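Taking it in order: structure first as structure tokens, then the write-up.
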Amino acid sequence: MEVPGAGFVVLALLVALFGALVWRYARRLVTVARVLRRGVRTGGECVRVETEPYGRSDARRHFFAFRTADGTRVEFEDLAGSSTAKGTPVTVTYDPRDPKGTATVAGRGSWSPVLQSLALVAGCGMAALGFAVVLYFEISGEK
């Protein structure tokens, strides 16, 4: 049984999904770029690496911790290279007004979060654009 208009709905949902991902990672990329220019640098370390379900070795979440100038311990998640393990020392850059929301391990020797965010923005942006083009041609009836 075919549902009329279901193809349009699926394409519109895919455009919305990838558009939301572009928005999320673009905001993170802008935040990281701003913090790298004006933020405070301090030492930190990787405190935890979580492996995603299904035993995929390439799907890992990295958690880092550092202390602000006033001694407050802050833990945050950030993108990191596969060689980053628990206990790995890192340089953390953050905005003192919002340490948890702006902290990143990007910087000298570790551009991984910047490059990964940039790749995610580009990839999700191309997917959203591609689905939008297909949706346009489906709606307009052109081939």
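The values are calculated or read from the model by the stated rules, or taken from the named source; none is laboratory data. A quick note: this is a predicted structure, and the numbers were derived from the prediction, not measured. We place every Cβ from the backbone using ideal geometry, glycine too, and count neighbours over all the protein chains shown. To get the accessible areas, we keep the full protein, side chains included, count just its heavy atoms, and leave off ligands, DNA and RNA. Shrake-Rupley method; radii C 1.70, N 1.55, O 1.52, S 1.80 Å.
Taken over the stretch 76-116, the criterion of being under 19 Å from Arg28 (Cβ atoms), open to solvent by 40 Å² or more (accessible area, probe 1.4 Å) and hydrophobic (A, V, I, L, M, F, W, C) is satisfied by Leu79, Trp111, Leu115. In the stretch 1-22, the residues that are closer than 11 Å to Val134 by Cα reach residues that are open to solvent by 90 Å² or more (accessible area, probe 1.4 Å) with C-beta atoms within less than 7 angstrom, at least six apart or across chains, in these pairs: Gly7/Glu138; Phe8/Glu138; Phe8/Ile139; Leu11/Glu138.
A quick yes/no check of all residues on (1) among the aromatic types (Phe, Trp, Tyr); (2) open to solvent by less than 80 Å² (accessible area, probe 1.4 Å); (3) at pLDDT 90 or above:
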{"residue": "Glu2", "(1), (2), (3)": "no, no, no"}
{"residue": "Ala6", "(1), (2), (3)": "no, yes, no"}
{"residue": "Val9", "(1), (2), (3)": "no, no, yes"}
{"residue": "Leu13", "(1), (2), (3)": "no, no, yes"}
{"residue": "Gly19", "(1), (2), (3)": "no, yes, yes"}
{"residue": "Trp23", "(1), (2), (3)": "yes, no, yes"}
{"residue": "Ala26", "(1), (2), (3)": "no, yes, yes"}
{"residue": "Gly39", "(1), (2), (3)": "no, yes, yes"}
{"residue": "Thr42", "(1), (2), (3)": "no, yes, yes"}
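Taking (1) surrounded by fewer than 17 Cβ atoms within 10 Å (Cβ to Cβ); (2) in contact with a Ser or Thr (Cβ under 9 Å, 6 or more places away or on another chain); (3) at pLDDT 95 or above in turn, Arg73 satisfies each apart from (2).
Evaluated against (1) within 18 Å of the chain's Cα centre (by Cα); (2) outside any helix (DSSP H, G or I), Pro4 falls short on exactly one condition, (1). Return yes when Arg60 is of a type in the set (Lys, Arg), within 20 Å of Leu118 (Cβ to Cβ) and open to solvent by 40 Å² or more (accessible area, probe 1.4 Å) and no when it is not. The answer is yes for Arg60.
The single condition from (1) farther than 22 Å from Val114 by Cβ; (2) at pLDDT 95 or above that Ala65 fails is (1). Every test in (1) out of contact with any His (no Cβ under 6 Å at 6 or more places or on another chain); (2) outside any loop (DSSP other than H, G, I, E, B) is passed by Pro96 save one, and that test is (2).
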